[in-house]
1. What's the ranking of 272-278, 170-176, 192-198 by average number of surrounding C-beta atoms within 10 Å, highest first?
2. HN-Hα J couplings of segment 26-41 from phi, Karplus 6.51/-1.76/1.60, θ = phi - 60°, integer Hz, Gly and Pro as x?
3. For segment 163-230, how big is the tail of P(r) above 14 Å, as a whole percent of Cα pairs?
4. What length, rounded to one decimal in nm, is gained on full extension from Leu63 through to Ala39, with 0.36 nm per residue of separation minus their alpha-carbon distance?
5. Given labels modelled 7 Å from the Cα in the Cβ direction, how far is it in nm from Thr145 to Ala177?
6. Apply the Karplus curve 6.51 cos²θ - 1.76 cosθ + 1.60, θ = phi - 60°, to the phi angles in segment 62-71 and return the couplings in whole Hz, x for Gly and Pro.
7. Where the only charges are on Cβ atoms (+1 Lys, Arg; -1 Asp, Glu), what is the dipole of segment 145-264 about its Cα centre, to the nearest 20 debye?
8. Roughly speaking, what % of Cα-Cα pairs in segment 162-289 are separated by over 26 Å, rounded to a whole number?
Amino acid sequence: MKRTLYLFLLPTVAALLLVEGYPAIYSLYLSVTQFPEPAFVGADNYIQMATDPVFWESLRVTLLYVSSSVTLAFIIGLAFALFLFHEKRQNRILHTILILPIAVSPLIAGLLWSPSAIWDDINVFLKFVLGLPTIIMTNPNFAMTLMIISESWLWAPLFMLVFLSVLQSIPKEILEAAEVHGASTFQIFGRITFPLIIRSPVVVIIVAIKTIDTFRSFEIPFTWIGWIGQEKLGSPIDTLSVIMYKMMIFPIYEFPISYVATISLTLLVISLIVTAVILRVGRILWETT
């Protein structure tokens, strides 16, 4: 029986090795090789990366972007899920509106929150109607905030759908018993609803998948570097994906492909480590239930 199950898994494993394994192995080869005439250079590129301030700044930006956007998407998705779960009438139009962002391209999401879309009009309102100072849209902190909001807005519906499925699986008898015993809405959420949500294997896996996806996020940061005029390498809002792109477009090293491969492998390792920690925490939560 087990052999039969493994046979069904073989095509998937083979496809993953082809699609994911080969690029990783080839990137490893590139990272220890110098061009145009291939020559083995060992850990030279990794040593260079370890002393590169551009890499460390982009790593800091990436970790901030990932942690903030995933956390905010989690919170927004949970708020929407609780609202829909306790809604007396099932409003399909409202459901559709809340789910709609998941169908939007990340590049379009970056454009929707861009200065030319809404912030120019907001500045006009602040200055000429309210007489207040305008928002400096070229400020990197402002840009980072909008990048995080854009990413969170895009993926909050995914968390919402997962949370709704978990909420609907909670036996109504438990919630009714808590209400009968005088528990407030806040107490029910803190002691019953939220613990069941964070201990759900589905929720932990979705958080892990979204974390991996955000580590490689490119479209929204790429859109904003243009809005604030930071196209050159070393922008304060450059994620690791963006600096790899810039290094190929604006090479500061003689043969950037080897260095870009080094950064890409490092990004892969970091994302896998963070994901492993999330899954480990999830396993601990499952074992305590």
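Any read-out appearing in this document is the output of simple, stated calculations on the displayed coordinates, not a laboratory observation. Predicted, not measured: the structure shown is a model, and the values here were computed from it. Virtual Cβ from ideal backbone geometry, glycine too; neighbours counted across all protein chains shown.
1. 192-198, 272-278, 170-176
2. 5, 5, 4, 4, 5, 5, 10, 10, 10, 10, x, 8, x, 9, 5, 10
3. Value for segment 163-230 (Cα pairs over 14 Å): 70 percent.
4. 5.3 nm
5. 4.6 nm
6. Using θ = phi - 60°, the values come out as 5, 5, 5, 5, 5, 4, 5, 5, 5, 5 Hz.
7. About 140 debye.
8. That tail contains 47 percent of the Cα-Cα pairs.
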